[in-house]
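What follows is a set of notes on a single structure, which appears directly below.
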Amino acid sequence: MMTLQPLNLSDRGEMLQLVEFINAHYRAAVPLTEASVASGRTRFFWAVVEGARVGASAYVERTPTLAETVKTVIDPAHRGKRYGEMLSQAIEDQVRGDGFKKVMTTVYIDNLPMIMIKLRQGYRFEGFHPDHERPGWHEYSFGKVFA
Ligand SMILES: CC(C)(COP(=O)(O)OP(=O)(O)OC[C@H]1O[C@@H](n2cnc3c(N)ncnc32)[C@H](O)[C@@H]1OP(=O)(O)O)[C@@H](O)C(=O)NCCC(=O)NCCS
């Protein structure tokens, strides 16, 4: 059973741990910074299984009805145990529970694990974004409108 534990923004040590964890295990054109996390614009969560932090995820409000999930990552030591699938579902449930009507995300085109997870969870392919964050880094977008 996986739960989402909101990042405690008043605990600088915890914030730095999260920044380090995500930058170590998540490929991104621009590294996550303490300042961007501290701004609170993106809501970050730890993924917790049996008391252990096995991953992290986040979402950002794009409009009052649309949220984009970002930085979904499982600790390499815990991959292949369906935690990625559970975390994708958990962050979606969080977005839905927070009152949004639609969730979307972008995924690098070679990230087969996450593409398979999103398609299996009922997301629709919504777009191809060539040279998106950086030349040569292509992404797909996937979205799900809540019933
Ligand atoms: C993507 C990620 C979260 C998946 O986490 P995970 O816990 O290893 O994934 P799961 O165990 O839940 O795998 C679920 C499904 O993904 C697919 N999958 C996993 N590894 C795969 C691979 N190497 N190739 C193709 N599909 C794969 C499979 O469909 C798998 O289901 P199956 O076991 O029935 O085959 C993890 O690899 C990760 O943190 N990667 C780095 C960060 C990242 O890319 N995040 C996503 C950004 S959008």
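Computed from the coordinates by the stated procedures, all read-outs in this text should not be read as laboratory data. Small disclaimer: the values here were computed from a predicted structure and weren't measured. Using ideal geometry, Cβ is built from the backbone for each residue, glycine included, and neighbour counts are taken over all protein chains shown.
What number of residues within the range 34-62 are in contact with a strand residue (DSSP E or B) (Cβ under 9 Å, 6 or more places away or on another chain), in a loop (DSSP other than H, G, I, E, B) and either without any contact (Cβ under 8 Å) to a residue 24 or more places away in the chain or on the phi > 0 side of the Ramachandran plot (or both)?
The first filter runs over the range 34-62 and keeps only residues in contact with a strand residue (DSSP E or B) (Cβ under 9 Å, 6 or more places away or on another chain), leaving 36-37, 41-49, 53-62.
After this cut, where a residue has to be in a loop (DSSP other than H, G, I, E, B) as well, the list is 41, 62.
Imposing the further condition that a residue be either without any contact (Cβ under 8 Å) to a residue 24 or more places away in the chain or on the phi > 0 side of the Ramachandran plot (or both) reduces the set to 41.
Qualifying residue count, the range 34-62: 1.
Hey, Gly99 hits all of (1) more than 30 Å from Asp11 (Cβ to Cβ); (2) more than 12 Å from the ligand (Cβ to nearest atom); (3) not basic (Lys, Arg) but one; which does it fall short on?
Only one criterion is unmet by Gly99, namely (1).
Give me the residue from the range 1-33 that is part of a helix (DSSP H, G or I) and away from the ligand (no atom under 16 Å from the Cβ) and, out of that set, farthest from Ala77 (Cα to Cα).
Looking at the filtered set, the residue picked out is Arg12.
In the range 51-77, what count of residues is obtained for those that are farther than 22 Å from Leu119 by Cβ and near the ligand (Cβ under 8 Å from one of its atoms)?
Taking the range 51-77 first, the residues farther than 22 Å from Leu119 by Cβ are 51-54, 56, 60-61, 63-65, 75-77.
With near the ligand (Cβ under 8 Å from one of its atoms) added as a condition, the list becomes 75-76.
So the answer is 2.
What number of residues within the range 75-96 are of a type outside the set (Asp, Glu) and in contact (Cβ under 8 Å) with a residue 40 or more places away in the chain?
8
For the range 1-28, give me each residue that is touching a Leu at 6+ places or on another chain (Cβ under 6 Å) and within 13 Å of Arg53 (Cβ to Cβ).
Leu7, Leu18, Ile22
Take the conditions in contact (Cβ under 8 Å) with a residue 24 or more places away in the chain, among the hydroxyl-bearing types (Ser, Thr, Tyr) and within 19 Å of Tyr59 (Cα to Cα) and apply them to Tyr108. Does it pass?
yes
For Arg120, work out the one condition from (1) more than 22 Å from Ala28 (Cα to Cα); (2) more than 10 Å from the ligand (Cβ to nearest atom) it doesn't fulfil.
With respect to (1) more than 22 Å from Ala28 (Cα to Cα); (2) more than 10 Å from the ligand (Cβ to nearest atom), Arg120 is out only on (2).
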